[in-house]
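Read the structure below first, then the notes.
Please treat every number below as a calculation from the coordinates, not as lab data. Everything numeric here is computed off the predicted structure, so don't read it as measured data. Note that each Cβ is placed from the backbone with ideal geometry, even for glycine, and that neighbours are counted across all protein chains shown.
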């Protein structure tokens, strides 16, 4: 019997697919992807409600995508294939000039109602605490991401969410003088290493330029770079954007700024874990090296210094604050960081119980626009 090429292809494909299915069945379920620095989907539970509204199939699809064997290798092959087709972005990552990977933020990624609610809640929060603490003691900093500041590096015809317009709306609604506008400062230094090439965060240098402006606006004399020992902590950082496309690129550098003057730092993470440094060097051994700054994501972090001026700062933040806070803490007796993704207690009681004198809200703009936890501002 003559075997056609179609049959050969079919049998080979069926064999390959059977092997992949078998590998998926025998491979233990993973809970965390170090490469992507996130929790992976678990096998969803079946309920009648989920089956009817389609939620179960969506969760199952997410589970299969997350748990599929050789996932990182498939991501690499997909990236190579799409790059061969000259796609300007892959998995919401632009392949930009100077070997930058820049996160793409589409208008469709943003729920208009959520963005509006977040702006309104922030405004109400700031007005409330300006009245409690004083107009010179409450600040907001929404940091533009690389797609706005490094726009010149983007591919031709790249589009995205208008962060500039949103920031202008926020400024218009907030009490005068409370918004720390770092757009021009970052744009002036856009040719410097202020954003990572493989990660969505700003670098310590970018955070330092923002710190200089914040300190001046908050009534402090900014510390100069000469007052810090600046050291290269790692030259092997591959960040979140690299994980999305899994291509071979030059790793990023991570620099640490350590104040030459001893501040006798005392840190307490989540009320249990004590440290005496702003930088957790153990994080440099893993994939998420950005977590070297302030130990990464935590619900609550307290920092005490020997600066006995009676001022206590509360920073409500996302991870952009982690490379910023090591500068700011030097102007306060105590600094507290809370992250609404993990911290569920009320802000008002926290301010009263800890004698907070100053407040800073610090997010990257896109995280704030899409954040679904801003109701905590009003608790």
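Extension gain, residue 308 to residue 230: 0.36 nm times the residue separation minus the Cα-Cα distance gives 25.5 nm. Our estimate of slack between residue 255 and residue 352, defined as 0.36 nm per intervening residue step minus the Cα-Cα distance, is 31.3 nm.
Over the range 200-325, what is the mean sequence separation of C-alpha contacts under 8 Å (at least six apart), divided by residue count, expressed as relative contact order in percent?
Details: 161 pairs, mean separation 31.5, N = 126.
Once normalised by length, the contact order is 25 percent.
What number in nm² do you get for the range 233-348 if you take the convex hull of its Cα atoms and divide its surface by four?
On the way: hull surface 32.4 nm².
Mean shadow area of the hull around the Cα atoms is 8.1 nm².
Can you tell me the FRET efficiency between residue 193 and residue 262 if r is taken as the Cβ-Cβ distance and R0 is 25 Å, rounded to the nearest 0.05?
After rounding to 0.05, the efficiency reads 0.35.
For the range 106-378, the relative contact order comes to 22 percent (Cα pairs under 8 Å, sequence separation of at least 6). Can you give the FRET efficiency to the nearest 0.05 for residue 282 and residue 216, using r as the Cβ-Cβ distance and R₀ = 41 Å? Given R0 = 41 Å and the Cβ-Cβ separation, E is 0.75.
For the range 118-189, how big is the tail of P(r) above 19 Å, as a whole percent of Cα pairs?
Working: 1078 of 2556 pairs.
Looking at the range 118-189, the distances longer than 19 Å represent 42 percent of pairs.
Peptides 184-195, 328-339, ordered by how many other C-beta atoms sit within 10 Å of their residues on average, highest first, read 328-339, 184-195. Calculated on C-alpha atoms, the gyration radius of the range 288-374 divided by its Kirkwood radius gives an Rg/Rh of 0.95.
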